[in-house]
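Read the figures in this text as sums done on the coordinates, not as results from a lab. The model shown is predicted, which means the values in this text are computed figures rather than measured ones. Note that we place each Cβ from the backbone using ideal geometry, even for glycine, and neighbour counts take in every protein chain shown.
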Amino acid sequence: MEILPWLIKELSWWQTNVGKGQSMKQQPFTLEVFSDASPSGWGVFCEGKGFHGFWNEKDSQSHINFLEIKAAYYAIKSLTKNKNNMNILLRIDNQTAISCINKAGSVRFPHLHEITRALWQWCENKNILVFASYIKSSKNLADKESRSLSVDTEYQLNSYAFSSIIQNFGNPEIDLFASKLNRKCEKYTSWFPDPNSFSIDAFTISWNAFYFYAFPPFACIARVLDKIIQEKASGIVVVPNWPAQPWYPDNASPLQEPFPGGRKIIWLSFFNKGLPESAIPTMINSLTEGTLNQYEGCFRKYWSFCHQKQHQDPFVYNLAIYLEFLEQMFDNGLSYSVINTYRSAMNLIFAPSEEDRKNINRFLKGVAKMRPPHPKYKFTWDPDPVLSFVKNWYPLNRLNIENLTYKLVFLMAITSASRTQTLSKIKITDIIKLERKIEIRVTERIKTSAPNKFQPLLIFPYFREAPELCVAHTIETYLERTSQYRKDHEYLILTHKKPIHPATSQTISRWLKRVLKLGGVDTTVFSSHSIRHASTWAASRKGINIDIIRDTAGWAPASNTFFEFYNRPLSEPREKFAETILNIGRE
C-alpha cells in the first residue's frame, strides 16, 4: 500500500510524540470562547468583550463549515498570542466544525482537515487544549459580532497612491492603523484583537523603534502628531487635504497630491468648466463602470506625465502637451485601440475646440497607419467537439448543480452569441415561456445599451430532437433545481457554491473557459469571448443570413464587425502539415 506524503507527516508526529507521558485529560477550562462565522466575516466573544473581522475575497466564497472552523482558529490565535498552558472551551453553533475540531481533523474533507490542523498546530506549540461544544445560534454571543461588521475600519489608500508614497519616502516597517485585510506592511497593529497583528492599539507601543506608516482615523490625527513629537519618531503619516487644518501645506498644487482617481478627475474637470455641482453626478453616471475603468488608466498615466513636466497642471488644457502625451504612449508600444480610448478620455475632461479635434484626429490616423489594429484571433475553433462533450452531461436531473450550471451558461452563450455581461443580467422576470420556445428580453443596461437602440432579445427554441442539447429544457431544469436557493435573488444565473449569490460577468467567463478546456479547446489561446467567434463562424458556414447573425450578436445592420474580426478560418493542428506530406508517401 502506498502511503501518501501528507500521511507520512501525520505518522511522523505520532512517532515523535507518543510515549512522552503527556496527558490529554481535560482540566478545568481557563477560557470560554464563543466564535461564529457569516458569509461576510467572523466574530468572537470572550470575557465580556467582542471583536470581529472581515473575510478576504477567497474566503468569502468558501463553504460555511470551513468558515466556522477558521473563525474558531482566528479566535484562539487572537486571544492566546501571549498565553500558554491552558484549556479552552469553544462554543460553536456548527456541528461539522465541532466534529472536526474535537477529532483534530477530517478524513472526508481535505480543506476542513487543513484548517483544523493549523488550529491544533498553534495549540500544540503553546500547550493549549481545546474542546468544542455546541450552542444554539440564538445563544451564541459571537453571532452579532460576525454579522454587524462596520466597513469604517477597512478604509485604505489605493495601491497606486501607496506605491507613489514608498517610491518617494521608502518602505515602512509597520502599519500602525490596519487590519488583516487592509494592511500595507507585513507587520501591523490592529484596533481589535487580530490573529496576525503585531499588537493591539498603536498608542500602547513605542513608535521610535520603527520607520512606520500611519493612515489614522481622522479624529486621532492630533493625537498621532503629538505622539510623534514626544517620541521623536520617524515615519509616514497620511492625512486629509483639509485647508483649515494645521497639517495643510500653504502652497499646495494638484501635483503635490497622490492621484485622486478617475471619477474625481472627471468631477473636478466638469467643476472647473463652471458646470453646476448638482448636475455633475448625473453627467458622470452617463458613463458605464467599464468605461470609467478604462479611463482610469489614462488619467493615472496623464497625472504621472504632468508630474514629470513639473509645472504642467493636469487640469489645464494645452494641445501641445495633449499630443506629446499621446506620442509618449505610442512610443511605449500601446496599440491604436488603447490610444483611441485615451483620446476619448482626454476629450471628456478637456473638450478641445473643433480645430484642435482635427489635429488630434489627424494624429490618430497616423497611429492607425503605422500600427494598424489587428483582430484578436487569426483563426477560430470548431464548436462540434465541445458540444459533443457537453452533450454527455445528461440526464439533467442527475447532474450536480455545478455541471448543470456550466452546461446552462455554455449552451446559452453559444446559441445566442451573447456576451457574458448579457448572461449575468438576465432576470427571472425577463423569461417568457412559450409553446415552442423561451424568449428572454434583457431589461438591464449592458455594454450595447443606448437611446433608441433595442435591448437584446434571446430566443431558445425547444430542441426536442436532441433534448441533451436543448437550451430551453436546460433553463427549465436549472430553475427547478435552484429554486430552493433563490430566496430574494432575481437573476437567473447563481453561483453554485455557498454563499449563493448572482454570478458576475467575470465568474461566468471563468466557467465558460473551464468548459472550453474540458471540451478540448486551447484556453491559452482562446478566452470565453471566443465563443462569439466560434458560434457566428459556425452559423455563417451553415448558410445563415448575415443579417440574422448581426441581429443575434447585437451588431448594427450595416456593421462590418463580423467580416473584419470574427470571420476567421478554422484552426488546424500544426502537425497536420507534416501528416499530410507523409501520407503522400503512402499513396
Suppose R0 equals 22 Å; then what is the FRET efficiency for Asn272 and Asn340 from their Cβ-Cβ distance, rounded to the nearest 0.05? 0.30
Would you kindly state how much longer the chain becomes between Gln230 and Asn332 on full extension, computed as 0.36 nm times their sequence separation minus their alpha carbon distance, in nm to one decimal? 31.9 nm
Can you give me the distance in nm between label points at Arg514 and Ile544, each placed 7 Å from the Cα along the Cα-to-Cβ direction? 2.7 nm
Express in nm, to one decimal, how much length is gained between Ala161 and Ala222 on full extension, taking 0.36 nm for each residue of separation and deducting their alpha carbon distance. 19.7 nm
Can you grab the distance from the C-alpha centre of segment 340-381 to the C-alpha centre of segment 28-48, Å, no decimals? 57 Å
Helix by helix through the chain, keep the DSSP H runs that span 27 Å or more along the axis on Cα and average at least 0.0 on Kyte-Doolittle, and give those back in order. none
Too long for a 31 Å Cα-Cα cut-off, among Lys77/Lys498; Lys264/Lys513; Lys49/Lys187; Lys391/Lys497, are Lys264/Lys513
Between His374 and Phe29, what is 0.36 nm times their sequence separation minus the Cα-Cα distance? Round to one decimal in nm. 117.2 nm
What does DSSP give for the chain in terms of the percent of beta bridges that are antiparallel, rounded to the nearest 5? 50 percent
In nm, to one decimal, how far is the modelled label at Asn400 from the one at Glu476, with both set 7 Å along Cα→Cβ? 2.7 nm
Greater than 28 Å separation of Cα atoms is the criterion. Which listed pairs, Lys9/Lys184; Lys433/Lys487; Lys425/Lys487; Lys103/Lys126, meet it? Lys9/Lys184
